[in-house]
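See below for the structure under consideration.
The values are calculated or read from the model by the stated rules, or taken from the named source; none is laboratory data. All of these numbers come straight from a predicted model, not from anything done at the bench. Cβ placement follows ideal geometry from the backbone for every residue including glycine, while neighbour counts extend to all protein chains displayed. The area values use the complete protein model at the heavy-atom level, side chains included, leaving out ligands, DNA and RNA. Shrake-Rupley method; radii C 1.70, N 1.55, O 1.52, S 1.80 Å.
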Amino acid sequence: MTSTKPLVVANWKMHKTAFEAIAFVRELLTLDPDCRHVDAVICPPFTALAAVHDALGVSPVELGAQTMWYADSGAFTGEISPRMLLESGVRWVVLGHSERRQYCGEVDETINRKIRAALAHGITPIVAVGDTPSEHAAGITLDRVAEQTRAAFDGMIADEVARCVVAYEPIWAIGSGQIDSPEDANAVMREIRGAVPGLDRTRILYGGSVEPASIRRLVAQPNIDGALVGGASLEASSFVALLDEAQGRALSGQASM
Ligand code: PGA
C-alpha cells in the first residue's frame with residue numbers, strides 16, 4: 001500500500017467562490033488540524049485552487065482538483081490541463097466522479113486517458129466508481145463496480161495502478177444521507193481490490209453521505225482506507241472533525257495518539 005494512513009478528501013463540488021474558500025482555510029488554520037495520522041486533501045473548484053493553495057501555506061493539508069483534461073495543452077475549450085493544475089499547487093485529482101459521468105459525458109475511455117496523464121505528471125488520481133440505484137436494487141453492484149474499475153485502469157501495469165487511489169461511491173448514497181453499511185461497503189471494496197492487479201497496494205476510499213459521526217466505523221473496516229466527502233467537508237469545523245475521527249481521536253483537543 002502507498003500509505004497506511006487514512007486519507008480524507010474534501011470534494012467541494014460547485015461550492016465556494018475563491019473568497020469563501022479563503023475564509024474556510026483561515027478558519028481551518030485557526031482550528032489547527034492534527035494531520036499526523038491522516039492525509040487530508042481539499043478539492044475546491046478550479047477558480048479557487050490558487051487562492052486555497054496560497055492560503056494553506058505550509059499546512060499539511062494538500063490541494064486536489066475535481067477533474068482535469070488529459071492533454072497538456074490544445075484546442076479543448078473550457079478544459080484544464082495537468083500542467084495548469086500542477087502550477088496551481090495541485091497534487092491530487094478526482095477522476096470519473098459520478099456527477100461528471102452523469103452530467104458532463106465522462107466515459108471510461110477518457111477517464112483512463114486522464115488517469116495516465118495525471119500519473120505522467122506526478123498527480124495522484126482518485127478514481128471514482130459506483131453503482132446506480134437501479135444496479136444496487138438489482139443486486140449487480142459487485143459486477144458493475146468491478147467492470148468500471150477494470151475499464152478505468154485498462155492496459156495499465158500494476159505499478160502504475162498502485163500509485164492511484166480508488167473511491168467507491170454508491171450513487172444512491174451521494175448527498176442522500178443514506179450511507180452504505182460499513183460491512184457492505186467493505187465487501188464492495190474488497191471486490192475492487194481484487195479487480196485489477198496493483199489495487200491491493202492502493203488506498204480505497206468510501207464516499208456517499210460520510211459525516212464525522214460515521215467515518216470512524218467506516219475506516220475501521222479492513223478495506224476502507226479513508227473517505228471522499230462532499231457535504232460534510234464544506235464547514236471547517238466539520239472537516240476537522242472528519243480528520244480527527246478518521247485518525248481515531250474522539251474529539252479535537254483530547255489526548256493525542
Ligand atoms: P456527499 O458527496 O458526501 O455529499 O454524499 C460525496 C461525493 O459525491 O463525493
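Please work out whether the range 135-235 counts as rounded, prolate or oblate from its C-alpha gyration tensor, where a ≥ b ≥ c are the square roots of the eigenvalues and a/c under 1.5 means rounded, while otherwise a/b larger than b/c means prolate and anything else oblate? Prolate, since a/c reaches 1.5 and a/b exceeds b/c.
Taking square-rooted eigenvalues a ≥ b ≥ c of the alpha carbon gyration tensor, is the range 7-255 rounded, prolate or oblate, where a/c under 1.5 means rounded and, failing that, a/b exceeding b/c means prolate?
Numbers: a/c = 1.59, a/b = 1.09, b/c = 1.46.
In terms of gyration-tensor shape, oblate.
Net charge in the neighbourhood of GLY226 (other residues with Cβ under 9 Å of its Cβ; Lys, Arg +1, Asp, Glu -1) is 0.
Restricting to Cα pairs below 8 Å that are 6+ residues apart, what does the relative contact order work out to for the chain? Please round to a whole percent. Relative CO of the chain lands at 21 percent.
Counting only protein heavy atoms and a 1.4 Å probe, tell me what percentage of the chain's accessible area is made up of carbon and sulfur.
Numbers: 5940 of 11290 Å².
That fraction is 53 percent.
If the segment from HIS37 to GLU20 were pulled out straight at 0.36 nm per residue, it would be longer than the present Cα-Cα gap by 3.3 nm. In a reduced charge model with +1 at each Lys and Arg Cβ and -1 at each Asp and Glu Cβ, the chain shows a dipole moment near 360 debye about its Cα centre. At an R0 of 41 angstrom, the distance between the Cβ atoms of ARG150 and ALA75 translates into a FRET efficiency of 0.85. At 1.4 Å probe size, with every protein chain present, just tell me what the per residue accessible area of the chain comes to in Å². Accessible area per residue: 44 Å². Computed from backbone phi with θ = phi - 60° and the Karplus coefficients 6.51, -1.76 and 1.60, the 3J(HN,Hα) list for the range 175-192 is x, 9, x, 9, 6, 5, 6, x, 5, 5, 4, 4, 5, 5, 5, 5, 4, 4 Hz; x is used for glycine and proline. Computed from label points 7 Å out along Cα-Cβ, the spacing between GLU109 and VAL58 is 4.9 nm.
Between SER238 and ILE140, what is 0.36 nm times their sequence separation minus the Cα-Cα distance? Round to one decimal in nm.
Details: separation 98, 0.36 × 98 = 35.28 nm, distance 3.37 nm.
Taking SER238 through ILE140 to full extension adds about 31.9 nm, to one decimal.
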